[in-house]
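**Q** One structure coming up, written as structure tokens, with questions to follow.
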Amino acid sequence: MAHSEDEKMCATQRNYEKWIWVELVGFDNTKDDPGVSAYLDVLGFEPNAICLFVSSPDFILLHPHPGTGDTLPVDCCAYAVHSFNPERTLQTWTQEQVRMLIDELHRHGVEVYVSVMTWFTHNRFHDEWIDKHREVIAWENVGPEPSNNLNPLKRLKDGSYFEDFFLNQLRQVIRYYGFDGWHAADGWGPAMNNIY
């Protein structure tokens, strides 16, 4: 069946927003603009929003990252701490550099959402929040490795809901860094495990 010119025009002029999910390793903290101009040049367009994938939930749960000074744990700087991408090797980022990155993206009209998973790395890169809060582990003793996911529906030892603690931390992180909101990545909804 042949399509009219009007039908062809409608198919190419869809109304949608351009969102990107990207890690810190996509940017360059050695540049004055944290690599935003170079990143946008590679994209060839300015997205409506970027979900800044800092991977580890400790970016939120441990805010303001006590004991690290201003430097973020390396598992917040790249998913599964992979050591490079085609553009550069893994960089460690400071909290201030992340704030500068968000400010620069805002200057380009790009909204920025914080994005984290619900999994941990068994203290491989820093002392993780979950190690002191095993009560919110998704499940224990399943398979050869203990679970490394939290269940956001569980309660803390004191009986309070994890979600209340998380939302309080999330509000602080959004205000501190200047994020426009939160992107719930894998594990937040639905959870990574069965409710029962």
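The values are calculated or read from the model by the stated rules, or taken from the named source; none is laboratory data. All values reported here derive from a predicted model rather than from experimental measurement. We place every Cβ from the backbone using ideal geometry, glycine too, and count neighbours over all the protein chains shown. Please note that ligands, DNA and RNA were not included when accessible areas were found on the heavy atoms of the full protein model with its side chains. Shrake-Rupley method; radii C 1.70, N 1.55, O 1.52, S 1.80 Å.
**Q** For a Förster distance of 25 Å, can you work out the FRET efficiency between the beta-carbons of SER37 and GLU96, rounded to the nearest 0.05?
**A** Rounded to the nearest 0.05, the efficiency is 0.80.
**Q** Moving on to the next point. Express the carbon and sulfur contribution to the solvent-accessible surface of the range 68-173 as a percent, rounded to the nearest whole number, probe 1.4 angstrom.
**A** On the way: 2830 of 5480 Å².
Of the solvent-accessible surface of the range 68-173, carbon and sulfur hold 52 percent.
**Q** Net charge within 12 Å of LYS18 by Cβ-Cβ distance, Lys/Arg positive one each and Asp/Glu negative one each, not counting LYS18 itself?
**A** Cβ neighbours under 12 Å give a net charge of -2.
**Q** Within 13 Å, Cβ to Cβ, of VAL173, how many net charges do the neighbouring residues add up to if Lys/Arg are +1 and Asp/Glu are -1?
**A** +1
**Q** Kindly report the accessible area of the range 14-145 per residue (heavy atoms of protein chains, probe 1.4 Å, no ligands, DNA or RNA), in Å².
**A** 50 Å²
**Q** Plugging the Kirkwood radius over Cα pairs into Stokes-Einstein for the range 38-123, at a temperature of 37 °C and a viscosity of 0.692 mPa s, what D comes out in µm²/s?
**A** Once the numbers are plugged in, D ends up at 235 µm²/s.
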